[in-house]
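The values are calculated or read from the model by the stated rules, or taken from the named source; none is laboratory data. As the structure is a computational prediction, the values presented were derived from the model and not from experiment. A quick note on method: Cβ atoms are made from the backbone with ideal geometry, for glycine too, and the neighbour counts reach across all protein chains shown. Side chains are part of the model used for accessible areas, which takes the heavy atoms of the whole protein and leaves out ligands, DNA and RNA. Shrake-Rupley method; radii C 1.70, N 1.55, O 1.52, S 1.80 Å.
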Amino acid sequence: MTDHINTDAIEQPAATPPVRPTTDNVLFYERKPAGFWMRFWAYLIDISIISAISSIVILPLFALFGWETSGSAWYAPYAILTAIVFYGYFILMTKFFAQTVGKMILGLRVVSLKTDHLPWTTLLFREWIGRFISVTILPLYWIVGFTPLKQGVHDFIADTTVVHEESYRKREMAKTRLEGSRLQESESI
């Protein structure tokens, strides 16, 4: 006896048409990164303020006590105190205001690329260690002009960038979808 299977009773799935990807263009605005020259002018303003603070506070104290201020060694007391003022200024101003006075005047702000606020660890790496590297090896600061987000070495270390507060740039992102799910994203300026 042979087993006979009735193939007419089994339902065949309906043929589905081939899936075609669709592309949607999404337009959004992002803050415009501050370039080399804007950051340079802000830095010069900040250096002027730091120099004024050191001349008004630290220099008279050394003169009052008769201490030497002309020591050329990095470990001289005057050099240590001015370094504390230098790094303290950048760390505290960036922590509490997300900008220094120079950045305030020029409308710039430091933003984190990972979080909404700037944690202490990020600030210490950016403003102390990263700035020490950038100030020590000056050409490293020039890379700000050549990176897409206008980041210096200290920005790469801390995953931050400096942006214009009131200036935005338009970006268009093409999203390719396959049956309602996101398949691929690509950017264009």
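Within the stretch 30-48, not a single residue is part of a loop (DSSP other than H, G, I, E, B) and at pLDDT below 85. Residue pairs whose Cβ atoms lie under 9 Å apart, sitting 6 or more positions apart in sequence or on different chains, and linking a residue in the stretch 139-150 that is more than 15 Å from Trp37 (Cβ to Cβ) to a partner that is assigned to a loop (DSSP other than H, G, I, E, B) and open to solvent by 60 Å² or more (accessible area, probe 1.4 Å), are Leu149/Leu113. Cβ-Cβ contacts under 6 Å between residues 6 or more apart (or on different chains), taken from a first residue in the stretch 82-102 that is within 16 Å of Val162 (Cα to Cα) to a second residue that is of a type in the set (Asp, Glu), are listed as Phe90/Glu127; Ile91/Glu127; Thr94/Glu127; Thr100/Asp46; Gly102/Asp46.
So in the stretch 80-126, with the set limited to residues that are of a type in the set (Gly, Ala, Ser) and within 14 Å of the chain's Cα centre (by Cα), which one is surrounded by the fewest Cβ atoms within 10 Å (Cβ to Cβ)?
Of the residues in the stretch 80-126, the ones of a type in the set (Gly, Ala, Ser) are 83, 88, 98, 102, 107, 112.
Now narrow it down to the ones that are within 14 Å of the chain's Cα centre (by Cα): 98, 112.
On the way: Ala98: 20, Ser112: 17.
Step by step, filter the stretch 80-126, then rank; the result is Ser112.
Counting only residues that are open to solvent by 50 Å² or more (accessible area, probe 1.4 Å) and not aromatic (Phe, Trp, Tyr), which one in the stretch 165-177 is farthest from Asn25 (Cα to Cα)?
As a first pass, look at the stretch 165-177 and keep what is open to solvent by 50 Å² or more (accessible area, probe 1.4 Å): 166, 168-170, 172, 175, 177.
Now drop any that are not not aromatic (Phe, Trp, Tyr), which leaves 166, 169-170, 172, 175, 177.
Numbers: Glu166: 25, Arg169: 16, Lys170: 13, Glu172: 7, Lys175: 6, Arg177: 11 Å.
Restricting to residues being open to solvent by 50 Å² or more (accessible area, probe 1.4 Å) and not aromatic (Phe, Trp, Tyr), the top hit is Glu166.
Looking across the stretch 132-164 at every residue that is among the hydroxyl-bearing types (Ser, Thr, Tyr) and either part of a loop (DSSP other than H, G, I, E, B) or open to solvent by 10 Å² or more (accessible area, probe 1.4 Å) (or both), the one that is nearest to Lys114 (Cα to Cα) is identified as Thr147.
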